[in-house]
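In what follows, a structure is listed as structure tokens, so that the remarks can point back to it.
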RNA sequence: AGGCGUGUAGCUCAGUGGGAGAGCACUACCCUGACACGGUAGUGGUCAAGAGUUCAAAUCUCUUCACGCCUACCA
């Protein structure tokens with residue numbers, strides 16, 4: 001680090017400093033957790049980003065908040081651990097590698113499973129985890145020595161252990177079921193991986209002829225190409241129209257199918273008759289089960305019509321539609337068509353329409369797991385912040401459906417299930433078998449892998465070493481806080497709860513902090529196709545990590561959207577510069593750290609800023625404890641800019657620059673204490689600039705990152721000092737206001753007079769006069785106890801404690817000033833009337849709390865005073881106008 | 001269809017029973033020896049609309065309107 005005495009550059013050279021400071025933190029092992037150390041555990045597991053991923057705004061926000069919490073608690077002395085890592089992201093990663101293979105003209109099928117997986121691992125080693133370096137640029141203080149990957153050996157063992165345990169407990173089973181199939185990705189998807197898109201579709205009315213001359217029946221469908229797999233037509237039992245229909249013929253294949261009654265059918269929709277296709281619709285599947293109907297497919301996994309469709313075999317499911325409709329029409333079986341707006345299920349990755357398909361898959365039975373998770377939130381073992389999300393959470397947990405966990409991919413945790421070729425039994429095992437445990441027949445392993453969310457569901461304990469009883473696991477489970485966006489409550493948060501409670505018999509975390517999603521400045525989702533993506537690294541390059549983090553924190557309290565714009569970051573980068581410049585002023589004046597315990601402040605400016613610091617410190621502590629990052633940021637912004645820089649530094653200058661060595665020293669020591677504590681308060685949100693400035697404090701030891709976080713000294717609260725500085729501010733503002741209102745020439749030195757009947761106030765002000773002169777741009781300040789001593793042509797500002805008279809000089813825009821005064825008077829009169837009316841209301845005086853009534857009286861008095869001020873100004877302007885004529 | 005949420009200054013938002021606020025933007029003036037990425041003083045709002053509860057409503061209740069999100073079995 002540069003030596004403390006070196007003068008600061010004009011602005012914070014953040015590129016160089018961020019790199020240097022971060023390297024120092026790492027070299028000094030400051031991120032590393034030690035279970036043996038004392039302290040309350042404070043543990044966060046990172047939501048593992050995809051190993052293929054790049055840092056985007058969502059990550060930036062998420063990790064800024066986590067880092068702020070970790071840094072805060074580290075400084076509080078807690079035993080903090082922030083576990084980083086990445087997710088193997090099955091389908092996403094497989095797709096990336098397949099794409100790079102395609103460039104070489106190879107498919108994964110040609111390569112074979114084993115070779116392909118080698119390629120993926122090689123890709124992961126070379127390109128994966130780029131995001132880790134990007135998190136470091138953000139300042140993330142993760143314990144990198146504990147970095148994990150959802151497919152590393154330990155986590156894979158955990159996955160297998162959990163799968164087998166759930167299987168043994170009857171919570172996992174393999175079943176034929178209609179699942180969501182993506183014909184493009186060639187895999188099953190869970191229900192929540194299906195997204196709904198509103199699309200303009202068409203409702204086709206198709207005639208099914210009656211069997212043996214029975215009357216025909218018309219059904220309405222959006223999917224005429226699935227008629228081949230129809231096994232029934234269903235109508236509502238209440239529906240009188242179809243009482244006499246017994247059997248109808250499926251078009252093209254002329255199969256006779258029964259007309260059945262099922263209350264699921266909506267009589268109002270279409271014709272009130274529904275074609276039942278159990279193999280290609282989830283609801284039809286349920287109807288089929290209820291009525292014990294046969295089930296078979298007419299669309300294959302590649303999305304083409306199969307053999308059941310006869311001449312149409314091989315056609316794409318959508319391309320076939322036109323042909324089929326034309327043929328239906330030719331047969332006179334297409335009664336009519338009408339447009340229909342419907343929500344089409346599409347693959348969350350490639351937006352290909354989902355094909356509901358009958359298939360053999362593995363399911364996790366979620367009902368009991370979900371109940372225990374919901375109970376944990378209901379009884380407060382897990383707190384959701386903000387609590388408004390609880391209803392959404394319960395709504396899902398109470399209506400949860402079984403979780404399809406098998407995926408027809410290669411990249412992932414292969415399901416530990418083997419099927420015996422001779423006895424046909426399926427074995428789910430912890431250790432790889434050589435032959436069938438029952439009959440020693442040859443075994444074939446299930447080729448499917450698990451949903452990537454299965455392994456991330458174990459993240460809070462698998463990363464701590466489970467299933468081994470590690471020191472980390474004992475010390476750090478359950479984790480303390482989980483910070484994430486609300487978009488993955490169901491994908492991830494709920495599943496961690498279910499898995500943690502089932503496997504560990506204990507909640508995975510005590511608090512879930514849900515933050516907004518980052519949008520662009522106009523509230524649009526950031527997406528490549530819209531071209532509105534702001535790259536966090538570009539922002540960091542341009543404005544610095546501190547300004548960026550401060551911006552994110554300051555906006556993290558708002559509702560569900562965080563609208564981010566570069567202008568806003570630019571604004572907060574000025575705040576960082578302001579702090580830097582305050583340091584440029586302060587550092588050369590400092591000799592060394594103040595003695596401990598910190599001496600009581602002796603002078604008014606010191607008493608005042610210490611009091612204000614105590615208030616701000618307590619507010620920041622409270623805000624960070626309550627995850628109100630925005631409140632913490634706002635408090636710091638105003639304390640540093642308005643109170644520390646604008647008032648305290650100005651008030652302290654005469655002492656710091658003065659001739660009295662004793663005063664000088666105590667002022668410098670106080671400045672040191674206040675400034676260094678301010679840096680500490682700001683550190684969790686803006687770690688780089690604060691660490692850098694801390695290192696420049698003469699005699700500062702160690703790192704700010706591990707310095708104690710200020711708690712706020714209650715004994716520093718000093719109401720008298722705050723009141724007295726209030727008088728100084730009153731005088732100062734009165735003169736400044738007069739200067740501005742009456743357009744006094746900037747160079748013109750005024751000679752204001754302060755009048756008060758309170759001798760103590762006068763002597764206080766007299767003592768501070770030299771200081772005030774500079775702040776007001778006055779040549780002299782005089783004092784009077786006598787209201788009659790007012791100079792002619794002086795503007796008056798009245799305060800409750802006295803008056804400030806400022807003699808006028810120079811050019812004044814009388815007309816404009818008169819307008820302003822009249823407007824002000826009107827406003828004040830209104831205010832007065834309102835207050836008077838309240839006080840005249842007996843019900844108010846009787847029922848309102850006395851302090852509120854008192855407040856209103858004070859308000860009335862203050863409005864009267866301000867009205868007097870304004871009236872005097874008006875009269876003065878009137879006089880001046882007449883004199884000018 | 002149901003659920004959740006939002007509506008406050010030109011923009012972004014804080015404020016959950018008692019003075020309508022902040023940042024940015026805007027206006028005027030000022031390079032005063034840390035900072036013009038600065039300072040000082042200002043302009044700007046029927047708190048979406050209506051009704052109710054209350055001595056008192058941006059805040060609580062109801063209704064309406066607008067927008068957003070989530071969930072869902074209307075083929």
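Observations on the structure shown:
- Residue tally, condition buried (at least 17 other Cβ atoms within 10 Å of the Cβ), in contact with a strand residue (DSSP E or B) (Cβ under 8 Å, 6 or more places away or on another chain) and within 24 Å of residue A:319 (Cα to Cα), over region A:275-294: 7
- On inspection, residue A:366 passes the criterion of being touching a strand residue (DSSP E or B) at 6+ places or on another chain (Cβ under 7 Å) and at pLDDT 90 or above.
- Flag if residue A:321 is in contact (Cβ under 8 Å) with a residue 12 or more places away in the chain, closer than 27 Å to residue A:560 by Cα and either touching a helix residue (DSSP H, G or I) at 6+ places or on another chain (Cβ under 7 Å) or more than 15 Å from RNA strand B (Cβ to nearest atom) (or both): no
- Residues being under 23 Å from residue A:313 (Cα atoms) and within 10 Å of RNA strand B (Cβ to nearest atom) - total across region A:186-204: 1
- When restricted to residues that are surrounded by 21 or more Cβ atoms within 10 Å (Cβ to Cβ) and within 8 Å of RNA strand B (Cβ to nearest atom), region A:520-554 contains 0.
- Checked against (1) more than 49 Å from the chain's Cα centre (by Cα); (2) more than 11 Å from RNA strand B (Cβ to nearest atom); (3) under 23 Å from residue A:732 (Cα atoms), residue A:885 passes all but a single condition, namely (3).
- Test: residue in region A:92-101 that is away from RNA strand B (no atom under 16 Å from the Cβ), modelled with pLDDT under 95 and either closer than 17 Å to residue A:140 by Cα or in contact with a strand residue (DSSP E or B) (Cβ under 9 Å, 6 or more places away or on another chain) (or both): yes
- Residues satisfying the stated conditions in region A:707-726, i.e. within 15 Å of RNA strand B (Cβ to nearest atom) and either buried (at least 21 other Cβ atoms within 10 Å of the Cβ) or over 27 Å from residue A:824 (Cα atoms) (or both): A:722, A:725
- Residue A:197 being touching a strand residue (DSSP E or B) at 6+ places or on another chain (Cβ under 7 Å), outside any strand (DSSP E or B) and either touching a residue at least 24 places away in the same chain (Cβ under 8 Å) or on the phi > 0 side of the Ramachandran plot (or both): no
- Matching residues in region A:428-485 - criterion: being assigned to a strand (DSSP E or B) and closer than 20 Å to residue A:166 by Cβ: A:428, A:445, A:449, A:450
- The set of residues in region A:220-251 being more than 7 Å from RNA strand B (Cβ to nearest atom) and surrounded by fewer than 18 Cβ atoms within 10 Å (Cβ to Cβ) consists of A:237, A:238, A:239, A:240, A:241, A:243, A:244, A:246, A:247.
- With respect to (1) more than 10 Å from RNA strand B (Cβ to nearest atom); (2) under 24 Å from residue A:699 (Cβ atoms), the lone exception for residue A:615 is condition (2).
- Once region A:585-597 is narrowed to residues that are touching a residue at least 24 places away in the same chain (Cβ under 8 Å) and over 20 Å from residue A:650 (Cα atoms), the residue that is surrounded by the most Cβ atoms within 10 Å (Cβ to Cβ) is A:594.
- For residue A:562, the conditions (1) within 8 Å of RNA strand B (Cβ to nearest atom); (2) in contact with a helix residue (DSSP H, G or I) (Cβ under 9 Å, 6 or more places away or on another chain); (3) over 20 Å from residue A:718 (Cβ atoms); (4) assigned to a helix (DSSP H, G or I) all hold with the exception of (4).
- Of all residues in region A:329-352, those that are crowded, with 17+ Cβ neighbours inside 10 Å and in a strand (DSSP E or B) total 4.
- Selection status of residue A:371, away from RNA strand B (no atom under 16 Å from the Cβ), closer than 21 Å to residue A:190 by Cα and modelled with pLDDT of 85 or more: yes
This table checks each residue for (1) touching a strand residue (DSSP E or B) at 6+ places or on another chain (Cβ under 7 Å); (2) more than 16 Å from RNA strand B (Cβ to nearest atom); (3) within 21 Å of residue A:189 (Cβ to Cβ).
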| residue | (1), (2), (3) |
| --- | --- |
| A:432 | no, yes, no |
| A:448 | yes, yes, yes |
| A:454 | no, yes, yes |
| A:458 | no, yes, yes |
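- The lone criterion from (1) surrounded by fewer than 21 Cβ atoms within 10 Å (Cβ to Cβ); (2) part of a loop (DSSP other than H, G, I, E, B); (3) at pLDDT 90 or above left unmet by residue A:16 is number (2).
- Those residues of region A:487-519 which are away from RNA strand B (no atom under 15 Å from the Cβ) and assigned to a helix (DSSP H, G or I), in sequence order: A:496, A:497, A:498, A:499, A:500, A:501, A:502, A:503, A:504
- For region A:316-328, the set of residues classified as buried (at least 17 other Cβ atoms within 10 Å of the Cβ) and under 16 Å from residue A:297 (Cα atoms) consists of A:317, A:320, listed by residue number.
- For region A:359-380, a residue qualifies if it is surrounded by 15 or more Cβ atoms within 10 Å (Cβ to Cβ) and within 25 Å of the chain's Cα centre (by Cα), and the qualifying residues are A:370, A:373, A:374, A:376, A:377.
- Residue in region A:676-694 that is within 16 Å of RNA strand B (Cβ to nearest atom) and within 28 Å of residue A:776 (Cβ to Cβ) present: yes
- Those helices (runs of 4 or more DSSP H) of region A:79-155 in which 2 or more residues are crowded, with 17+ Cβ neighbours inside 10 Å and touching a residue at least 12 places away in the same chain (Cβ under 8 Å) occupy A:90-103, A:113-127, A:130-138.
- Only one of the numbered conditions (1) in contact with a helix residue (DSSP H, G or I) (Cβ under 7 Å, 6 or more places away or on another chain); (2) without any contact (Cβ under 8 Å) to a residue 40 or more places away in the chain is violated by residue A:43, and that is (2).
- Scanning region A:493-516 for residues that are surrounded by fewer than 20 Cβ atoms within 10 Å (Cβ to Cβ) and touching a helix residue (DSSP H, G or I) at 6+ places or on another chain (Cβ under 6 Å) yields A:502, A:504.
- Helices (runs of 4 or more DSSP H) enclosed by region A:598-698 - at least 3 residues per element that are surrounded by 24 or more Cβ atoms within 10 Å (Cβ to Cβ): A:604-625, A:629-638, A:661-682, A:687-696
- Candidates A:403, A:410, A:466, A:418 - the one that is within 16 Å of RNA strand B (Cβ to nearest atom) and surrounded by 19 or more Cβ atoms within 10 Å (Cβ to Cβ): A:403
- Output for region A:699-714, where each listed residue is in contact (Cβ under 8 Å) with a residue 40 or more places away in the chain, assigned to a helix (DSSP H, G or I) and closer than 19 Å to residue A:598 by Cα: A:714
The values are calculated or read from the model by the stated rules, or taken from the named source; none is laboratory data. Remember, it's a predicted structure, so these values are computed and weren't measured experimentally. Note: ideal-geometry Cβ built from the backbone for every residue, glycine included; neighbour counts use all protein chains shown.
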